[in-house]
Amino acid sequence: EEIKEIVKYESDRFITVIPEIEMPGHASAALASYPELSCGLGKTYVVRDYFDVFDEVYCPKEHTFEFLQNVLTEVMELFSSHYIHIGGDECPKKAWKKCAHCQHLMKREGLSNEEALQSWFIHRIEQFVNSKGRDIIGWDEILEGGLAPNATVMSWRGTEGGMKAVESGHKAIMTPGEFCYFDSYQDAPDSQPEAIGGYLPLSKVYSFNPVPDTLSAEKVGLVYGVQANLFTEYIPTPEHAEMMIYPRVLALAEVAWSAPSKKNYENFHVRALKAVEELKKSGYNPFELKNEIGNRPGADKPVEHLAVGKKVTYGLDAAYYPGYAAGGDTALVDGVRGGWTYGDKRWQGFIDKKRMDITIDLEKETELHFIGADFMQVCGPEVFMPAEVIISISDDGKDFTELKHIEHKVVKDDKVTFTNFGWEGNAKGRYVRYQATSGEFGGFLFTDEVVIK
């Protein structure tokens, strides 16, 4: 009955609501209710913490497909949308690796790995949806193992998935997290209600170009549009949702409908300020754009210090996470400070108890008075402060003298916080070693610059 209300709502407003039924991952709700659909052979199913996922995936057996086809049949009877979104993102495959049925199925179908099994799963669901006269949309992971023939790709892990889909002749919807995830903070986190993290101001949304200049006219036609995403784990009320949507959705609308050469942020900003006032008069609860604070202090201009441009060596067991490399081996001495979010390509990340361990060569013995680095904590996405920091110096790069040893108790909270862990004093040395270690919670360590003065 609730869905019928939604369908009437869309009909009255000449819009289309596209339902999403997630598969084969993100299935914990269904598996908790129907454990026989998992690879656990009917065992009691326990919903785990997000970062401890193991069995949050459907087992590709006939009973599972019967269940999903029944669900999709009912969904397609209720919704008029030509497109049915089947998810396909963040599919954990550990259970498949240990499941005898899955391994037998892979051997029978000639599937080389679990990624190919995921593609086989998606293909089978697509064939069923196609048999009902509908087409599927999926997140860009459906590219893994080979794209289903008639699928439309929703590109969220950057724009690469969308471009890959378009180049192979498929439709794409551009919705990269960097520009389109409206569950991120839109201003200084301490001025906003709690969010999952991130920082996506109006100007950043407006700067998005969903169609690269290098794309041919033929391929441009396959980029079907853009999408804003608003996931509501941290959004308890409709008023809060409105604040997260407006005025950022106005910026994305102008991105969608305007040629890049016609865009002008200063002009748009003036119009957005007026639009906010009109929205308020109409009873909406938009973000107060006129009170915008802006990016983290120091993030918008270079910082000068002794280590800028110097050679950095990483310890053997202290490699940074490739997905958050920032500028690679030079990231922590490039003179660029990070902003409010670790996703701004300025913060370098170290994951799951891997130490940050770098040595900076100042090229000659140097008088030293300050060595420090900023870290951030955002507990929602498992980003924590270090539990231990050690700062040392050396003349030869081999024998180091410890300047400071900091032990820090990591405490979970609901804030976005930044702390500098550093040393001040008087010393001389050529090599500076900075080590930081995660605490009991594991997760990510993020730092933006090791400043030496």
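When only the heavy atoms of the protein chains count and the probe is 1.4 Å, how do Lys281, Lys61 rank by accessible area, highest first?
Lys281, Lys61
Is the shape of the range 111-177 best called rounded, prolate or oblate, per the rule: a/c under 1.5 gives rounded, else a/b larger than b/c gives prolate, else oblate, with a ≥ b ≥ c the square roots of the Cα gyration tensor eigenvalues?
oblate
Please identify the cysteines of the chain that lack any partner cysteine with a Cβ under 4.7 Å from their own Cβ.
So, Cys91, Cys180, Cys379.
When the gyration tensor of the range 152-265 is built from Cα positions, what are the square roots of 5 times its three eigenvalues, in whole Å, from largest to smallest?
With the √(5λ) rule applied to the range 152-265, the semi-axes are 27, 15, 11 Å.
What is the distance in Å between the Cα centroid of the range 308-347 and that of the range 403-449?
Cα centroid of the range 308-347 versus Cα centroid of the range 403-449: 15 Å apart.
Keeping the other protein chains in place, figure out the carbon and sulfur percent of the accessible area of the chain, with a 1.4 Å probe.
51
Could you sort His305, His82, His26 by accessible area so the largest value comes first, with the probe set to 1.4 Å?
His82, His26, His305
State the Cα centre-to-centre distance between the range 237-304 and the range 67-101 in whole Å.
36
Check cross-link reach from Lys8 to the lysines: straight Cα distance under 26 Å, and skip same-chain residues fewer than eight apart.
Lys132
Note the per residue figure in Å³ for the convex hull of the C-alpha positions in the range 312-396. Could you put the intermediate results ahead of the total?
Numbers: hull volume 9.8 nm³, N = 85.
Convex hull of Cα atoms, per residue: 116 Å³.
Give the angle, between 0 and 90 degrees and rounded to the nearest 10, that separates the Cα long axis of helix 2-13 from the longest principal axis of the Cα atoms of the chain.
So the helix axis and the longest Cα principal axis differ by about 90 degrees.
Roughly how much of Arg433 is accessible, in Å² to the nearest 10, using a 1.4 Å probe?
Probe radius 1.4 Å; accessible area of Arg433 about 70 Å².
What does the helix-only formula give at 222 nm for the chain: each DSSP H stretch with n ≥ 4 adding -39500 (n - 2.57), the total divided by the residues, and the result rounded to the nearest 500 deg cm²/dmol?
-8000 deg cm²/dmol
Mind putting a number on the dipole of the range 104-235 about its Cα centre? Charges go on the C-beta only, +1 for Lys and Arg and -1 for Asp and Glu, and I need it in Debye to the nearest 20.
Numbers: 10 positive and 18 negative charges, 126 e Å.
Result for the range 104-235 is approximately 600 debye, rounded to the nearest 20.
Mind scanning Lys409/Lys453; Lys301/Lys404; Lys263/Lys415; Lys263/Lys290; Lys93/Lys164; Lys311/Lys412 and naming the pairs with a C-alpha gap bigger than 32 Å?
Where the Cα-Cα span goes over 32 Å, the pairs concerned are Lys263/Lys415; Lys311/Lys412.
From the Cα gyration tensor of the range 289-358, with a ≥ b ≥ c the square roots of its eigenvalues, which class applies: rounded if a/c is under 1.5, or else prolate if a/b is larger than b/c, or else oblate? Intermediate values should be presented prior to the final figure.
On the way: a/c = 3.18, a/b = 1.56, b/c = 2.04.
Judged from the Cα gyration tensor, the range 289-358 comes out oblate (a/c at least 1.5, b/c at or above a/b).
How do the peptides 219-229, 405-415 rank, highest first, by the average count of neighbouring beta carbon atoms within 10 Å per residue?
Going from most to least packed, we get 219-229, 405-415.
Under 15 Å between alpha carbons, and skipping anything fewer than 8 positions from Lys94 in its own chain: which aspartates and glutamates qualify?
Asp52, Asp55, Glu56, Glu114, Glu115
Over the alpha carbons of the range 215-266, what is the largest minus smallest coordinate on each principal axis, giving the biggest first in Å?
Projected onto its principal axes, the Cα set of the range 215-266 covers 43, 28, 11 Å.
Positive end of the dipole of the range 383-423, charges at C-beta (+1 Lys, Arg; -1 Asp, Glu), about the Cα centre: which of Gly397, Phe418, His408 has its Cα farthest in that direction?
Projecting each Cα onto the dipole axis, the largest value belongs to Phe418.
The values are calculated or read from the model by the stated rules, or taken from the named source; none is laboratory data. Quantities reported herein were computed from a predicted structural model and do not represent experimental measurements. FYI the Cβ positions are ideal-geometry reconstructions off the backbone, even for glycines, and counts take in every protein chain you see. Please note that ligands, DNA and RNA were not included when accessible areas were found on the heavy atoms of the full protein model with its side chains. Shrake-Rupley method; radii C 1.70, N 1.55, O 1.52, S 1.80 Å.
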